[in-house]
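A.B. asks: Before anything else, here's the structure in question.
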Amino acid sequence: MNLYIMVDLEGMSGVFSRNQIFDADKIPEGRERMTADINACVDAAKAAGVEKIYVRDCHGASSTVIYDKLSDNADYYICGYMGEPRFTGIEDCDAVILLGYHAMAGTMGGTLEHTFNSKTVQNYWLNGKKVGEAEIDALGVGELGKPVIMVSGDDKLCNEVAEFLPDTVKCEVKRGMTWNGAMVLPAGKAKKKIEECTLEAIRRFKDIKPYTKEAPYTLRVELCERSVLPFVGGDERKKIIDGRTYEVCASTIAELLSLM
């Protein structure tokens, strides 16, 4: 099998503070933890017999990984601006791991909880259900026939994912306490847990089904105060609800995200 690893930063082991995301003197800590978790996952997947491994740095500007410290066991690291689709290169892969993900915006005790953009987005609802990045991405790859076989992050993220991906392996690398604090595992224990969960996910690959819902989709977006509403311009797929809220409608998740 071939594996696609989609990577975010906030859910990585040892990442517990916004300082590790935004502050120049602390960002190197976040980058180190992200690179270490990627390597643990990649090396375990290769040891389990995965043929090709693609890793997508999808945090911020997609330039967070430390290139010179990445494992040689991956075939490609996909970095920088890629445009659409969100999962560049996934057509060559059979399964997906969401590594370093975080709970949706507003989750009590979720470390660094947010939904896509903490500066502009308050909440997402998909067909009336409040959702976060993990569910949107699971649906996006699910409609391509790809199952999410593992997620890693804090306990709040794992609990969130359990509601719609019950068979997916959940790798809890920390316990969220506040939006800006967590109980983190020591680095060695986190590495071992990611390795063990990756091996389990590969073993169970054929038993985990793609996550799908019936289309079409309506995504309602509630923006933070003073954020800018999108330009509608007669596009019937977009609708302004009020001064902070709008909806987009589409037949696929990929199309939905392209309208945002």
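The values are calculated or read from the model by the stated rules, or taken from the named source; none is laboratory data. Note that this is a predicted model, so its numbers are computed, not measured. Methodologically, a virtual Cβ is constructed for each residue, glycine included, from the backbone with ideal geometry; neighbour enumeration extends over all protein chains shown.
Yes/no matrix, rows are residues, columns are (1) surrounded by fewer than 22 Cβ atoms within 10 Å (Cβ to Cβ); (2) at pLDDT 95 or above; (3) farther than 17 Å from D154 by Cβ; (4) of a type in the set (D, E):
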residue	(1), (2), (3), (4)
G14	yes, yes, no, no
A24	yes, no, yes, no
I53	no, yes, yes, no
R56	no, yes, yes, no
D75	yes, yes, yes, yes
Y81	yes, no, yes, no
L99	no, yes, no, no
H102	no, yes, no, no
T115	no, yes, no, no
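A.B. asks: Restricting to the range 75-91, name every residue that is within 21 Å of K46 (Cα to Cα) and in a loop (DSSP other than H, G, I, E, B).
C.D. replies: D75, C79, F87, T88, G89
A.B. asks: Still on this structure: Looking only at the range 13-29, count every residue that is in contact with a helix residue (DSSP H, G or I) (Cβ under 7 Å, 6 or more places away or on another chain) and either assigned to a helix (DSSP H, G or I) or aromatic (F, W, Y) (or both) and tell me the total.
C.D. replies: Total satisfying the criteria: 4.
A.B. asks: Ok, one more. Can you say whether R56 is touching a residue at least 24 places away in the same chain (Cβ under 8 Å), under 24 Å from H114 (Cβ atoms) and assigned to a strand (DSSP E or B), as far as the supplied structure shows?
C.D. replies: yes
A.B. asks: Looking at E32, E10, can you tell me which residue is within 20 Å of M177 (Cβ to Cβ), outside any strand (DSSP E or B), of a type in the set (D, E) and in contact (Cβ under 8 Å) with a residue 24 or more places away in the chain?
C.D. replies: Answer to the check: E10.
A.B. asks: Same structure, new question: What residue, of E214, E160, is surrounded by fewer than 23 Cβ atoms within 10 Å (Cβ to Cβ) and of a type in the set (D, E)?
C.D. replies: On inspection, the qualifying residue turns out to be E214.
A.B. asks: Consider the range 162-172. How many of its residues are among the β-branched types (V, I, T) and more than 15 Å from the chain's Cα centre (by Cα)?
C.D. replies: So the answer is 0.
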